[in-house]
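Asks: Dropping a structure here in structure tokens format, bear with me for questions.
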Amino acid sequence: MKLPIHRLPHTHGRDGRALKEWLSQNKHVKTITRDRASAYATAIQEVLPDAIQIADRFHLHQNLLEAVKNTVNAVVPVDVKIPADYGRKQQQTEPEECDESKKNPGWCG
């Protein structure tokens, strides 16, 4: 669904006071896309409690990357040990004999 977009004039500070003032003068606003600043969430909730608050794409992506990073860090060990002879062991093994029952007999492996 495409909704009309109206950009908020740049406001100074991150404490939400300027946003509160702007919202008080623009009570017709129904939907607001914002960043993760809690001061903005609070200002919107106080002035326009029925307005829908939407996280912007950049911050949704940032949240996703942070969650993936935390999950990977929790699951993957910090040190992965690879034996010094790892590659040589694989190269020294005898090739598999071709099994004609395989779907692609031209490739055995």
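Asks: Anything in region 1-33 that is aliphatic (A, V, I, L, M) and touching a helix residue (DSSP H, G or I) at 6+ places or on another chain (Cβ under 7 Å)? List them, or say none. Quick ask: steps written out before the conclusion?
Replies: Kept after step one, since they are aliphatic (A, V, I, L, M), are these residues of region 1-33: 1, 3, 5, 8, 18-19, 23, 29, 32.
Residues satisfying the conditions are LEU8, LEU19, LEU23, VAL29, ILE32.
Asks: Name the pairs: first residue in region 12-27 and under 19 Å from PRO49 (Cβ atoms), second residue of a type in the set (Phe, Trp, Tyr), Cβ to Cβ under 9 Å, at least 6 apart or on different chains?
Replies: Here the result reads GLY16/TYR40; LEU19/TYR40, each pair linking region 12-27 to a residue that is of a type in the set (Phe, Trp, Tyr).
Asks: Does region 56-65 contain any residue that is in contact (Cβ under 8 Å) with a residue 12 or more places away in the chain, closer than 17 Å to ILE5 by Cβ, surrounded by 13 or more Cβ atoms within 10 Å (Cβ to Cβ) and aromatic (Phe, Trp, Tyr)?
Replies: no
Asks: One residue is enough: does region 21-36 have a residue meeting the conditions surrounded by 14 or more Cβ atoms within 10 Å (Cβ to Cβ) and in a helix (DSSP H, G or I)?
Replies: Among the residues of region 21-36, at least one is surrounded by 14 or more Cβ atoms within 10 Å (Cβ to Cβ) and in a helix (DSSP H, G or I), which makes the answer yes.
Asks: Please go through region 22-50 and pick out each residue that is within 17 Å of HIS6 (Cα to Cα) and acidic (Asp, Glu).
Replies: ASP35
Asks: Restricting attention to region 37-48, and to residues there that are surrounded by 12 or more Cβ atoms within 10 Å (Cβ to Cβ) and of a type in the set (Ser, Thr, Tyr), which single residue is farthest from the chain's Cα centre (by Cα)?
Replies: Pass one, region 37-48, residues surrounded by 12 or more Cβ atoms within 10 Å (Cβ to Cβ): 37, 39-48.
Still in the list and also of a type in the set (Ser, Thr, Tyr): 40, 42.
Numbers: TYR40: 21, THR42: 23 Å.
In this case the residue turns out to be THR42.
Asks: When you check HIS10 against the structure, is it at pLDDT below 90 and either surrounded by fewer than 10 Cβ atoms within 10 Å (Cβ to Cβ) or not hydrophobic (A, V, I, L, M, F, W, C) (or both), yes or no? Spell out the reasoning first.
Replies: Numbers: at pLDDT below 90: yes; either surrounded by fewer than 10 Cβ atoms within 10 Å (Cβ to Cβ) or not hydrophobic (A, V, I, L, M, F, W, C) (or both): yes.
In short, yes.
Asks: Which condition breaks for PRO9 when tested against (1) in a helix (DSSP H, G or I); (2) touching a residue at least 12 places away in the same chain (Cβ under 8 Å); (3) not basic (Lys, Arg)?
Replies: Answer for PRO9: the failing condition is (1).
The values are calculated or read from the model by the stated rules, or taken from the named source; none is laboratory data. Given the structure is predicted, the values throughout are model-derived calculations rather than measurements. Here the Cβ is made from the backbone with ideal geometry for all residues, glycine too, and neighbour counts use every protein chain on show.
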